[in-house]
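The values are calculated or read from the model by the stated rules, or taken from the named source; none is laboratory data. Just so we're clear, the structure is a prediction, and the values are computed from it rather than from any experiment. Don't worry about glycine lacking a Cβ; one is built from the backbone with ideal geometry, like all the others, and counts go over all protein chains shown. Note: areas computed on protein heavy atoms with side chains; ligands, DNA, RNA excluded. Shrake-Rupley method; radii C 1.70, N 1.55, O 1.52, S 1.80 Å.
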Amino acid sequence: MFARFLTLLGTPVVSFFTYVGEVVVLASETFASIVAQKIRWRLFLHQIVEIGLRSQLVVMITGAFTGAVFAAQTFFQFNKLGMGSAVGAVVSVSVCRELGPVLTALMVTGRVGASMSAEIGTMKVTEQIDALRALAVHPIDYLVVPRTLAMMLSMPLLVAECIGIGIAAGYFVAIFLLDVNGTYYVANMVRWTQMRDIIMGLSKAFCFALLIVFISCHKGLTSREGAVGVGKATTEAVVDSSLAVLIFNFFLTMALNVIFPAGYQ
Amino acid sequence: MIAVRGLKKKLAGQEILCGIDLTVAKGETLVIIGRSGGGKSVLLKHLVGLMHPDAGEIWIDGENIIGLSERKLAAIRRKVGILFQGGALFDSMTVEENIAFPLREAGERNPKTIREKVNEMLEVIELEGEQKKMPVNLSGGMKKRVGLARSIIRRPSCILYDEPTAGLDPVVSDSINRLIRRLQERFRVTSIVVTHDMKSAFHIADHIAYLHQGGIYFYGTPQELEISPDPLLQDFLLGRSER
Ligand SMILES: Nc1ncnc2c1ncn2[C@@H]1O[C@H](COP(=O)(O)OP(=O)(O)OP(=O)(O)O)[C@@H](O)[C@H]1O
Ligand SMILES: [Mg+2]
């Protein structure tokens, strides 16, 4: 009875750690390949287009409306205290530190993570990965490395873009729609937003890039059993990456806050 | 060139291969025949390390490939080409790019050389002018031929064909058979051919192995197979079910 209970409890725990272990192994093999094998720059550029360029619209809209709604909500509260011009500082700090990186990561997960696991998963179930291997090409070198490098470069840029647009949209809403004094708004914003806030946002972007790419590629590479398997892998890739982003975000905030403390000093 | 010793493999709880022993000498063509679902494709995949056996040894060119890492296997795989049963073309690439893939991976950069070699291959597989088509727009037989071109373009010293003529019309089938023969005669390519096409088996084989219930049931020359009185083999040759 007790043994049954332990197995019941143990099985998901073991499979969870196996899963994490597999993703970590994939990550370490990828980095080993980046260091030791020749890098396929053409595929890297192709992925940059796929990840960086094709995500532009999504990231812009995410940034713009997040900044806008955040400015409006903050204004409604702060204006009661006569602190309307502090809205700029609140918007820019929170977009830099949290909203920009997290929302961009979630959008990229939906767009890029899903397509990565679907593409690699389809290759897996249609024997194309076996064909690669049979032609003496390591699937990690050919499929995972270009995607990883492209994500490592694109994500910080996308997040920076999202932050910039978010701040601009906040400014627009506050100044033109809500009649906040522009000079004070900008002055407060510049005073309270520090370089370290931006660095924090970009460091998060980099970490999220790795989470998304490894989880999605792992799901693709381990998918099985035809179209259903690929569909399942894709869904799981999106769900797992999103959860990983949200969970890691908390720990990153706690850890990075030691290095880049929030607030004015 | 290729030696298999006591190869065993269970898949999904089912014994597919239970103790296969095979030897293929350099420059020889071995044809493997057997009932559908008998494990022929599984056997071929083991020979290039795409599947790992539960027990047994596989020697390629004097090297045991069991337990080699994926990176070490790459050296073996450059020597041994494999044609997959379904072609396994890269569906994001055109016919031309598929065929040129092994060359590009080998570091060939000159577009002119690549184009010449690809055109030469297209001529061999009788698909001239289809360079720009995507794999989804090809018929099954065309896919197979493109896959064949891709696996032989770098002239491996050994080629494994998984049903090279299945789904092809008799004329193209015959030209593929000739191609296999020619590769063997001219370049002393070692071949293992899995086929259901008995005419082509007799045409190209030096030896024929009949795979049955996970073991080699018969091994011998085509003549020996033809005169074999074994009812199981005769049924297979004549295509008789239940008597
Ligand atoms: N990845 C796999 N997982 C589980 N079982 C498999 C797998 N691959 C093949 N099998 C099983 O192994 C057996 C042999 O399959 P295989 O494809 O080798 O047959 P075959 O001899 O090539 O048949 P055919 O002549 O129809 O191509 C089948 O019963 C199949 O269901
Ligand atoms: Mg088969």
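Structure data summary
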item	result
With Cα atoms, 0 to 90° folded angle of helix A:2-36 axis to chain A main axis	80
Taking all pairs of distinct alpha-carbon atoms in segment A:101-220, Kirkwood radius in angstrom	16.6
Selected from A:Pro156, A:Pro12, A:Pro146 as most flexible by GNM, with chain A as the system and alpha-carbon contacts under 10 Å	A:Pro12
Relative contact order (%) - criterion: Cα under 8 Å, at least six apart; region: chain A	31
Relative contact order %, segment B:1-50, counting alpha carbon pairs below 8 Å whose residues are six or more apart	30
Selection of trypsin sites (Lys or Arg not before Pro), segment A:1-77, meeting DSSP coil and at most 16 other Cβ within 10 Å	A:Lys38, A:Arg54
Mean projected area in nm² (Cα convex hull; one quarter of hull surface) for chain A	18.7
Rg ratio (alpha-carbon, reference 2.2 N^0.38 Å) - chain B	1.02
Over chain B: helical MRE at 222 nm, DSSP H runs n ≥ 4 each giving -39500 (n - 2.57), nearest 500	-11500 deg cm²/dmol
For chain B, accessible area per residue (1.4 Å probe, heavy atoms of protein chains only), Å²	46
Heavy-atom accessible surface that B and A bury in contact, both chains counted, 1.4 Å, Å² to 100	1800
Accessible surface, 1.4 Å probe, highest first, among residues A:Phe250, B:Phe84, A:Phe78	A:Phe250, A:Phe78, B:Phe84
Anisotropy class of segment A:103-164 from Cα gyration tensor, a/c 1.5 cut	oblate
Size of charge dipole - the protein assembly as shown - debye, nearest 20, with Cβ of Lys, Arg +1 and Asp, Glu -1, no other charges	840
Distance between segment A:57-87 and segment A:195-265 - C-alpha centres, whole angstrom	25
For residues of A:135-143, the mean tally of beta carbons on other chains within 10 Å	5
Between segment A:124-179 and segment B:29-63, the Cα center-to-center distance that results, in Å	41
Relative contact order of chain B, defined on C-alpha pairs under 8 angstrom at six or more residues apart (%)	27
Exposure of A:Ser15 as accessible area (Å², to 10), given a probe of 1.4 Å and all protein chains	60
Probe 1.4 Å, all protein chains present, accessible-area order of A:Thr7, B:Thr195, largest first	A:Thr7, B:Thr195
If the convex hull is drawn through the Cα atoms of the protein assembly as shown, its volume per residue in Å³	210
Gaussian network model of chain A, Cα within-10 Å springs - most flexible of A:Glu225, A:Glu98, A:Glu29	A:Glu225
Value of [θ]222 nm, deg cm²/dmol, for chain A, DSSP H segments ≥ 4, -39500 (n - 2.57) each, nearest 500	-26000 deg cm²/dmol
Within segment A:179-231, trypsin sites (Lys or Arg not before Pro) in DSSP loop having at most 16 other beta-carbon neighbours inside 10 Å	A:Arg224
Given charges at Cβ of Lys, Arg, Asp, Glu: the protein assembly as shown dipole, positive-most of B:Val95, A:Gly226, A:Met195	A:Met195
Cα gyration tensor shape for segment A:1-129, rounded if a/c is under 1.5, else prolate or oblate	oblate
Unit charges on C-beta of K, R, D, E only; dipole of chain A, Debye	140
Shielded by partner chains, segment A:92-133 residues - at least 50 Å² of accessible area, 1.4 Å probe, vs chain alone	A:Glu127, A:Gln128, A:Arg133
Peptide B:47-54 - average C-beta neighbours from other chains (10 Å radius)	2
Segment B:2-238 - percent of accessible surface contributed by carbon and sulfur, probe 1.4 Å	50
Which of A:Lys232, A:Lys124 is most accessible, then next, and so on - probe 1.4 Å	A:Lys232, A:Lys124
Å² per residue, accessible surface of chain A at 1.4 Å	49
Whole-Å distance, taken between Cα centres, linking segment B:83-160 and segment A:1-18	49
Under 5 Å, built H, 5+ apart or other chain: amide partners of B:Ile82	B:Leu160
Set of segment A:147-171 residues, backbone N closer than 18 Å to the point 7 Å along the Cα-Cβ line of A:Phe65	A:162-171
